[in-house]
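Inspection log for the structure reproduced underneath, given as structure tokens.
None of the figures in this text is laboratory data; all of them are computed from the coordinates on show. Please read these numbers as outputs of a predicted model, since none were measured by experiment. As a convention, Cβ positions derive from the backbone with ideal geometry for all residues, glycine included, and neighbour counts pool all protein chains shown.
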Amino acid sequence: MSKQDLLDRLNKLKEEKRAVILAHNYQVKEVQEAADYCGDSFELSRLAADSPAEVIVFCGVHFMAESAAILSPDKTVLLPERAAGCPLADMIDPEGLHTLIRAHPRAAVASYINSAAEIKAMSDICVTSANAVEVVDSLEQEEVIFVPDQNLARFVSNKTDKKIIPWPGYCITHHRVSAEDVLRARENHPDAVIIVHPECRPEVVELADQALGTGGMIDFARRSEQEKFIVGTEMGMLHRLERECPDKQFYLLSPGLICPNMKYTTLTKVVNSLENMEHRITVPPEIREKAARALQRMLAVNASSLEIRSR
Ligand code: 13P
């Protein structure tokens with residue numbers, strides 16, 4: 001089927017099934033272009049909670065679709081590629097978190113949205129890269145267990161007075177970026193601004209000009225008077241930035257910045273997903289209710305700070 005045939009089919013199916021297509025900023029170009037909304041983890045979880053659609057096709061990875069299913073139990077949530085997971089989310093299990101909670105009984109538990117429903121269900125609140133500092137500061141406890149990303153935990157601990165107790169997880173894509181990559185980019189492009197994701201190592205964040213979640217990167221590039229940006233996050237982000245800021249130039253910080261899981265989803269799989277109503281993501285009610293509390297608390301902290309961007 002040609003690309004146009006696929007898009008026509010998708011539009012017809014969307015209408016028939018009252019569906020909305022959400023795509024993370026790391027998705028491939030053709031999927032971003034076919035989506036109703038593109039966004040970061042926070043924006044997409046908000047859209048999933050508020051959308052009047054009956055079916056949500058989530059073009060991203062499993063924890064994102066699972067968060068949508070937690071927030072919208074009455075909707076059908078589909079993940080076009082069943083194998084699209086998140087190695088970072090898999091780096092913590094309930095047993096490990098229990099051990100940490102037992103060792104720090106007075107601490108609040110903040111879990112990154114890049115975690116499984118069981119971990120969210122054990123948490124007081126969730127965070128995304130867009131709101132982690134604000135959410136941690138909103139907690140009344142002085143100690144905060146922060147799982148599973150050690151780099152985001154360090155980023156937050158540098159910006160808050162709270163004591164952060166991290167878990168040693170990391171994103172296999174962002175953790176690969178080295179200080180040398182930043183120094184080399186600075187030398188090759190002295191006129192560019194270097195923006196990196198806070199999932200990068202602390203020394204990378206330290207050397208960059210800005211550390212921002214993917215939504216923050218778009219806002220920053222839009223508002224900045226600079227024209228050239230070196231981008232230290234997953235390569236799909238370049239497409240989103242180029243679309244939002246067509247008069248500016250964006251370069252990837254290092255060639256390894258590719259998340260294989262984000263690349264599994266293709267336009268054909270999105271169409272098939274809606275056609276066959278697969279793969280349905282569901283969460284058992286006893287876990288869902290607790291996880292929804294943690295996600296809703298996060299959304300309440302950020303209730304006023306969202307600017308939804310449609311394509
Ligand atoms: P954002 O919330 O910044 O889009 O990040 C999502 C993610 O999974 C980063 O690896």
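Points to keep in mind about this one:
- Charge dipole (Cα centre; +1 on Lys/Arg Cβ, -1 on Asp/Glu Cβ; no other charges) of the stretch 1-141 amounts to roughly 220 debye.
- Student exercise, the chain dipole from Lys, Arg, Asp, Glu Cβ charges, in Debye to nearest 20: 360 debye
- About its Cα centre, the dipole of the stretch 85-214 is roughly 140 debye, where the only charges are +1 on Lys and Arg Cβ and -1 on Asp and Glu Cβ.
- Pairwise FRET efficiency - ASP5 versus GLU203, Cβ, R0 = 41 Å, nearest 0.05: 0.25
- Kirkwood-Stokes translational diffusion coefficient of the chain, alpha-carbon pairs, 20 °C, 1.002 mPa s, µm²/s: 109 µm²/s
- Given LYS248/LYS269; LYS17/LYS263; LYS75/LYS120; LYS75/LYS269; LYS75/LYS290, the pairs whose alpha carbons are separated by over 23 Å: LYS248/LYS269; LYS17/LYS263
- Three principal axis extents describe the C-alpha atoms of the stretch 7-60; from largest down they are 28, 25, 11 Å.
- Rg/Rh for the stretch 159-311 (Cα atoms only, Rh after Kirkwood) is 1.01.
- Geometric descriptor of the stretch 131-178, per residue, is 72 Å³ (volume of the convex hull of the Cα atoms).
- Taking only Cα atoms of the stretch 1-157, radius of gyration then Dmax in Å: 17.4, 58
- Over the stretch 213-277, volume per residue of the alpha carbon convex hull, in Å³: 105 Å³
- Structure remark: mean-square fluctuation, Gaussian network model of the chain, C-alpha springs under 10 Å; the largest value among ARG102, ARG154, ARG280 belongs to ARG102.
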